[in-house]
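Undergrad: Would you mind keeping the following structure in view while I ask a few things?
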Amino acid sequence: MVRDSFQPAVYLLANKTRGTLYIGVTSDLVRRLYQHRFGDFPGFTSRYQLHRLVHFELFGTMELAIAREKQLKNWHRPWKINLIEAANPDWRDLAPGLGLG
């Protein structure tokens, strides 16, 4: 199977500044963001309108990305907020910088 884009990533979505957070892992961040925003992806992210990409980290392997996702999911909420605000203090949507409007 040939993949168009394979770049393991962990990502955090929010619905507003300091709002509800979602942590996910994917091998194709842009495709996954598109699915969250426009696809038929019922569940937590659609229920809470979590469409703002506020943080992401890229990895060389899915194993590393999954390990980081598990680590972040075990963090306390203030730690997650500090992680986001260290690089994105305004909680702006980072998706346009990846080519997704």
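Undergrad: What's the total number of residues in segment 15-30 that are in a loop (DSSP other than H, G, I, E, B), of a type outside the set (Gly, Ala, Ser) and more than 17 Å from residue 100 (Cα to Cα)?
TA: 4
Undergrad: Please identify the pairs in which a residue from segment 46-57 that is among the polar types (S, T, N, Q) has its Cβ atom under 6 Å from the Cβ atom of a residue that is surrounded by fewer than 21 Cβ atoms within 10 Å (Cβ to Cβ), counting only partners at least 6 apart or on another chain.
TA: 49/15
Undergrad: For segment 80-101, which positions are surrounded by 11 or more Cβ atoms within 10 Å (Cβ to Cβ), modelled with pLDDT of 95 or more and either in a loop (DSSP other than H, G, I, E, B) or hydroxyl-bearing (Ser, Thr, Tyr) (or both)?
TA: 88, 91, 92, 93, 94
Undergrad: Report the residue count in segment 43-79 for those that are loosely packed, with under 15 Cβ neighbours inside 10 Å, aromatic (Phe, Trp, Tyr) and not in a helix (DSSP H, G or I).
TA: Qualifying residue count, segment 43-79: 1.
Undergrad: Now for a separate question. Cβ contacts < 7 Å: first residue on the phi > 0 side of the Ramachandran plot and of a type outside the set (Val, Ile, Thr), restricted to segment 72-101; second residue loosely packed, with under 10 Cβ neighbours inside 10 Å and assigned to a helix (DSSP H, G or I), any location; separation 6+ or different chain. Result?
TA: The qualifying pairs do not exist here.
Undergrad: Related question: For residue 33, state whether it is in a strand (DSSP E or B) and either at pLDDT below 95 or not charged (D, E, K, R) (or both).
TA: no
The values are calculated or read from the model by the stated rules, or taken from the named source; none is laboratory data. Everything numeric here is computed off the predicted structure, so don't read it as measured data. Reconstructed Cβ throughout: ideal geometry from the backbone, glycine too, with neighbour counts over all protein chains shown.
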